[in-house]
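Everything below concerns the one structure shown next.
Just so it is clear, none of the values below were taken in a lab; they were calculated from the coordinates. The shown structure was predicted, so the numbers you read here are calculated from the model rather than taken from an experiment. We place every Cβ from the backbone using ideal geometry, glycine too, and count neighbours over all the protein chains shown.
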Amino acid sequence: MMSLVFINLLFAPALLNGLIDTINGKLRESITSDIILDSTSEDGYIQDADKFIGEISEIDGVDSATSRTNIGAEILYQKSKSSYGITVVSPESEKRVFDIENYLVEGEFLEEDDEGQIVLGVQIAGRGDKSLELYSSSLKDVHVGDVVTVKFSNGLEQEMKVKGIFDMDFIQIDTLSLINQKEYESINLQLKNTARQVNLKLEEGYDLDSMVVRIRNEFPDIEARSWKELAGIVESMTQSFEIIIIILRVIALLVAAITILIVTYVDLTNKRRQIGIQRAIGIIPETIILTYVLRAAFYSMVGTLVGALTFMFIIVPVEHNHPFTFPFGDVLMSIDYSQMLNFFVTLMIVSTIAALVPTINTIRIKILDAIWS
């Protein structure tokens, strides 16, 4: 029972940690990167984007950088229409910073010299899959090779061929549509070599917050933000799940306490005469109490150890081979060893108190009453 209680304490937090890691990973791989840079100018554009990216890439700790511009547009196919807008990217640097190309389910990713090509998220394309969450507002049945009509916010219209379709199992990402920078500049000559934002990928080991401060100091006209500042959806989800986990944790601890209390009480009831005799021959009550408390602690320690080993070496590996599937994709459990230690200490304390209460009540019985039961 103690092993099951301990596994129950570990299960929900491990699943929540895995869910958060999955969401954070996909956000960084496809939307935010490690650091997002925006212009503070009135028009909102970073001018001479190529030069700026070259300068920012020279900073120690910056692995790679790419530019992105989100523009208003409608995509039409037959009688269907999508109004999620379009993201302008530089394909080569995009591949170094983001990971969307690895989630293609049809076709290929954009190249620098592509003309009249577009890559769609699966929630935009539809692909004839009516099980998609946003199928009703998608283009319904678009596949690679189909030609869609793009109506830009400046009034221009252009026929574009679908080069690729990606599916990251994350609605916020799968509603993106991508065209390359060259295509965008041919439509908007006045915005050549500009970008709405620049995304940075850092090298391993560099402190994120320190890098943000450094960039703000070196480029005062640029607003730098870490990916954590844009991960509000994760924080709101975490708060909701934490409430559920607290409730489950309290119930699990109550089960553990009641289990130890009942086991100790039944044992004390069966050995009441023995305890009376022990007291009659001079064994002090504190020694008897300590004996039962230590036994409860031993049960808890062995139970939690078995539960921890079962969780780490059986449950987690099995779940990694057969992961839970959420709307954000497959979620792998993440073990937090410091949290595991906290649960262990808490369970030991609860079990000790649960054994202490019935033992003290039994010791208070008069010696003769205990001997004659």
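First check a/c for the range 1-133, with a ≥ b ≥ c the square roots of the eigenvalues of its C-alpha gyration tensor; if it is under 1.5, answer rounded, and if not, answer prolate when a/b is larger than b/c or oblate otherwise. It is oblate, given that a/c is not under 1.5 and a/b is not larger than b/c.
The overall shape of the range 33-228 is prolate: from the C-alpha gyration tensor, with semi-axes ordered a ≥ b ≥ c, the ratio a/c is 1.5 or greater and a/b exceeds b/c.
Residue by residue, the range 293-307 carries 3J(HN,Hα) couplings of 5, 5, 5, 4, 5, 5, 4, 5, 5, 5, x, 5, 5, 4, x Hz when phi is fed to the Karplus relation 6.51 cos²θ - 1.76 cosθ + 1.60 (θ = phi - 60°); x denotes Gly or Pro.
Which of the pairs K161/K201; K140/K228; K79/K163 have their Cα atoms more than 28 Å apart in this structure? K161/K201; K140/K228, as the Cα separations exceed 28 Å there. The long axis of helix 2-30 is offset from the longest Cα principal axis of the chain by roughly 10 degrees. State the Cα centre-to-centre distance between the range 243-290 and the range 6-76 in whole Å. Each part reduced to its Cα centre gives a spacing of 54 Å. The order of the peptides 175-183, 46-54 by mean Cβ neighbours within 10 Å, most packed first, is 175-183, 46-54. Using DSSP to define loop residues, name the trypsin sites (Lys or Arg not before Pro) in the range 88-146 whose beta-carbon has at most 13 other beta-carbon atoms within 10 Å. Within the range 88-146, the qualifying trypsin sites (Lys or Arg not before Pro) (loop, at most 13 other Cβ atoms within 10 Å) are K130. Peptides 241-251, 109-119, ordered by how many other C-beta atoms sit within 10 Å of their residues on average, highest first, read 109-119, 241-251.
Its convex hull of Cα atoms gives the chain a direction-averaged projected area, equal to a quarter of the hull surface, of 24.8 nm². The slack in the chain from I246 to N154, taken as 0.36 nm per residue of separation less the alpha-carbon distance, amounts to 28.0 nm.
For the chain, give the magnitude of the charge dipole about the Cα centre (Cβ charges: +1 Lys/Arg, -1 Asp/Glu; no others), in debye to the nearest 20.
About 3240 debye.
Rounded to the nearest 10 degrees, the inclination of helix 208-218 to the longest alpha-carbon principal axis of the chain is 40 degrees. Ranking L16, A256, P91 by how far each Cα lies toward the positive end of the dipole of the chain (charges on Cβ) leaves A256 at the top. Cα gyration tensor of the range 187-338, axes a ≥ b ≥ c as square roots of the eigenvalues: rounded (a/c below 1.5), prolate (a/b > b/c) or oblate? Judged from the Cα gyration tensor, the range 187-338 comes out prolate (a/c at least 1.5, a/b above b/c).
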